[in-house]
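The values are calculated or read from the model by the stated rules, or taken from the named source; none is laboratory data. What you see is a predicted model, and the numbers here were worked out from it, not measured in a lab. Cβ placement follows ideal geometry from the backbone for every residue including glycine, while neighbour counts extend to all protein chains displayed. In case anyone asks, the SASA skips ligands and DNA or RNA and just uses the protein heavy atoms, side chains included. Shrake-Rupley method; radii C 1.70, N 1.55, O 1.52, S 1.80 Å.
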Amino acid sequence: MSENPNESWLNSFLSVGKIVTREQHVRFEHIAGVFTGLALLLALISVQLPFGQAMDKKVVYPFVIVVGFFCIVWFLIIPRRFTGLAKNLIHTVLVTLYVAFLIYTNPTMGQNLIVLYYVIAVAAAVAMPTFFSLTITILVIILIYTEWFLAGATSAGFTSTIIYTTGLLIVVFYTRSLAGEAAYARKKEEEVHLEKEKTLSKLKDEYIFIISHKLKQPTSAIKGYTDEIIKEYSQNLDSESKETLEFIKTNDERLEKLLDDLLDISQIEKGIMRINLTDVSLSPVISEVLSNLFLDAQSKKISLLERGDLNTAVKADSDRLKEVLMNLVGNAIKYTPDGGKVTIEVKKEELAAKLFISDSGIGISPQDQKYLFEKFFRAENEKTKAIKGNGLGLFITKQLVEKMGGEVGVSSEFGRGSTFFFTLPRYRW
């Protein structure tokens with residue numbers, strides 16, 4: 001918004017009710033229904049009290065019945081899909097006309113009922129765009145002058161009418177100004193909060209990137225030294241020392257994978273991840289991934305199978321494609337019980353290749369499938385408690401596939417295995 005206070009005030013005044021969600025319209029409609037019902041109840045009570053004896057009951061009772069029936073139809077029977085600004089405007093116009101009818105048929109109570117016009121105009125001023133609010137205000141003014149004319153057009157009545165309409169304009173103008181200022185202040189607070197969130201998010205991303213990058217070097221060194229010790233001195237070590245070294249190596253690999261994932265997420269969220277698309281033949285990539293995961297599968301006696309149109313070439317980043325397959329096949333092995341099988345299948349489509357990674361594992365519930373590709377989400381149940389993971393692999397997988405021009409999804413039944421699939425654009429054949 002402009003820094004000019006007058007211009008800011010005018011913008012806020014004109015913007016009231018301009019952006020209203022369907023949920024807000026539903027709430028407005030609900031409030032209108034409640035207060036219309038209370039107004040009808042008040043009318044029934046008023047005719048029973050001493051000051052209401054002058055009211056024509058032959059008019060009030062049918063009026064209450066007709067308006068009550070209208071409210072039942074309008075608020076309860078007409079489908080909710082028609083809820084919106086147009087419906088609220090129509091309702092406001094009809095209520096205004098009902099009030100005019102009530103005032104006209106009860107001249108002795110007319111001055112007391114004028115306040116209902118103020119309520120209607122104020123409600124429109126705080127909930128509707130400028131044009132619609134102005135329309136309701138003009139309609140009310142026209143009805144006030146019409147009632148003065150029908151009452152005999154006396155000079156005393158004209159003075160009262162001018163006071164009523166002037167007061168109405170002041171109240172509407174003042175109410176809308178307050179609503180606009182409140183909306184303006186709320187928007188400024190949201191902007192400040194959003195700016196703080198962006199700053200904190202940027203600092204967090206920078207922190208994660210720096211920490212992950214700095215930790216990569218010592219983890220690589222630990223891995224190198226551990227491999228060297230196992231290779232050169234394993235024959236001189238007892239079984240307990242070997243187990244310790246294997247434990248160090250395993251946890252170092254887990255830490256290195258976590259750091260890689262954090263670096264990937266940092267690059268994705270900062271928008272600096274590079275994707276180099278080239279023509280990539282799927283067969284050697286799949287073979288390399290299965291070879292890297294062979295020992296993991298063998299330790300659980302899981303069969304690794306590949307089939308389909310393996311010689312298909314796709315437009316992809318070779319390293320990122322390997323990362324995607326390592327994540328999906330690695331998860332399939334991790335969540336498949338001993339003796340199961342994991343299959344990679346490639347199918348040619350007209351413009352894309354579709355890869356399926358299927359397992360005979362524990363499966364995923366429909367509730368968990370909704371959040372499966374969200375950051376840090378892990379399905380929590382009795383079967384997954386003992387399986388280690390950080391909840392980042394599938395989030396990264398989805399981001400990488402989409403950056404390479406594809407889509408990713410899952411089909412699973414709890415207790416009966418899962419099939420993850422993703423598409424990539426075919427290259428030339």
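Just one of the numbered conditions (1) modelled with pLDDT of 80 or more; (2) more than 29 Å from residue 376 (Cα to Cα); (3) not β-branched (Val, Ile, Thr) is not true of residue 235: (1).
Say whether the condition of being modelled with pLDDT under 90 and either touching a Ser or Thr at 6+ places or on another chain (Cβ under 6 Å) or of a type in the set (A, V, I, L, M) (or both) is met by at least one residue in the range 341-355. Yes; the residues of the range 341-355 include at least one that is modelled with pLDDT under 90 and either touching a Ser or Thr at 6+ places or on another chain (Cβ under 6 Å) or of a type in the set (A, V, I, L, M) (or both). Within the range 9-68, being at pLDDT 70 or above and not in a helix (DSSP H, G or I) holds for one residue alone: 48. The lone criterion from (1) touching a helix residue (DSSP H, G or I) at 6+ places or on another chain (Cβ under 8 Å); (2) within 25 Å of residue 425 (Cβ to Cβ); (3) surrounded by 14 or more Cβ atoms within 10 Å (Cβ to Cβ); (4) not basic (Lys, Arg) left unmet by residue 283 is number (1). Of everything listed in (1) open to solvent by 30 Å² or more (accessible area, probe 1.4 Å); (2) without any contact (Cβ under 8 Å) to a residue 24 or more places away in the chain, the single unmet condition for residue 245 is (1). Just one residue in the set 216, 188 is at negative phi, open to solvent by less than 90 Å² (accessible area, probe 1.4 Å) and at pLDDT 80 or above; that residue is 188. Only residues that are open to solvent by less than 40 Å² (accessible area, probe 1.4 Å) and touching a Gly at 6+ places or on another chain (Cβ under 6 Å) were counted in the range 118-154, giving 3.
The set of residues in the range 244-293 being part of a helix (DSSP H, G or I) and touching a strand residue (DSSP E or B) at 6+ places or on another chain (Cβ under 7 Å) consists of 282, 286, 290.
So, of the residues in the range 340-367 that are acidic (Asp, Glu) and either in a loop (DSSP other than H, G, I, E, B) or closer than 17 Å to residue 402 by Cα (or both), which turns out to be least open to solvent (accessible area, probe 1.4 Å)? Residue satisfying both the conditions and the ranking: 349. Every condition in (1) outside any helix (DSSP H, G or I); (2) surrounded by 13 or more Cβ atoms within 10 Å (Cβ to Cβ); (3) within 32 Å of the chain's Cα centre (by Cα); (4) without any contact (Cβ under 8 Å) to a residue 40 or more places away in the chain is met by residue 337 except one, and the failing one is (3).
Taken together, the criteria place residue 263 among residues that are touching a residue at least 24 places away in the same chain (Cβ under 8 Å), touching a Phe, Trp or Tyr at 6+ places or on another chain (Cβ under 9 Å), closer than 30 Å to residue 198 by Cβ and of a type in the set (A, V, I, L, M). Checked against (1) open to solvent by 10 Å² or more (accessible area, probe 1.4 Å); (2) in contact (Cβ under 8 Å) with a residue 12 or more places away in the chain; (3) part of a helix (DSSP H, G or I), residue 328 passes all but a single condition, namely (1).
Scan the range 297-317 for residues that are open to solvent by 40 Å² or more (accessible area, probe 1.4 Å), farther than 21 Å from residue 410 by Cβ and touching a residue at least 24 places away in the same chain (Cβ under 8 Å) and report the count. I'd like the intermediate steps shown before the answer.
Of the residues in the range 297-317, the ones open to solvent by 40 Å² or more (accessible area, probe 1.4 Å) are 298-301, 303-309, 311, 315.
From what is left, the residues that are farther than 21 Å from residue 410 by Cβ are 298-301, 303, 309, 311, 315.
Narrowing further to those that are touching a residue at least 24 places away in the same chain (Cβ under 8 Å): 300-301, 303, 309, 311, 315.
Here the count works out to 6.
Within the range 406-429, residues that are touching a residue at least 60 places away in the same chain (Cβ under 8 Å) reach partners that are open to solvent by 70 Å² or more (accessible area, probe 1.4 Å) and not in a strand (DSSP E or B) with beta carbons closer than 8 Å, at six or more positions or on different chains, in the pairs 422/407; 423/349; 423/407; 425/351; 426/349; 426/351.
Filtering the range 294-321 to residues that are of a type in the set (Ser, Thr, Tyr), in a helix (DSSP H, G or I) and within 11 Å of residue 333 (Cα to Cα) leaves only 299.
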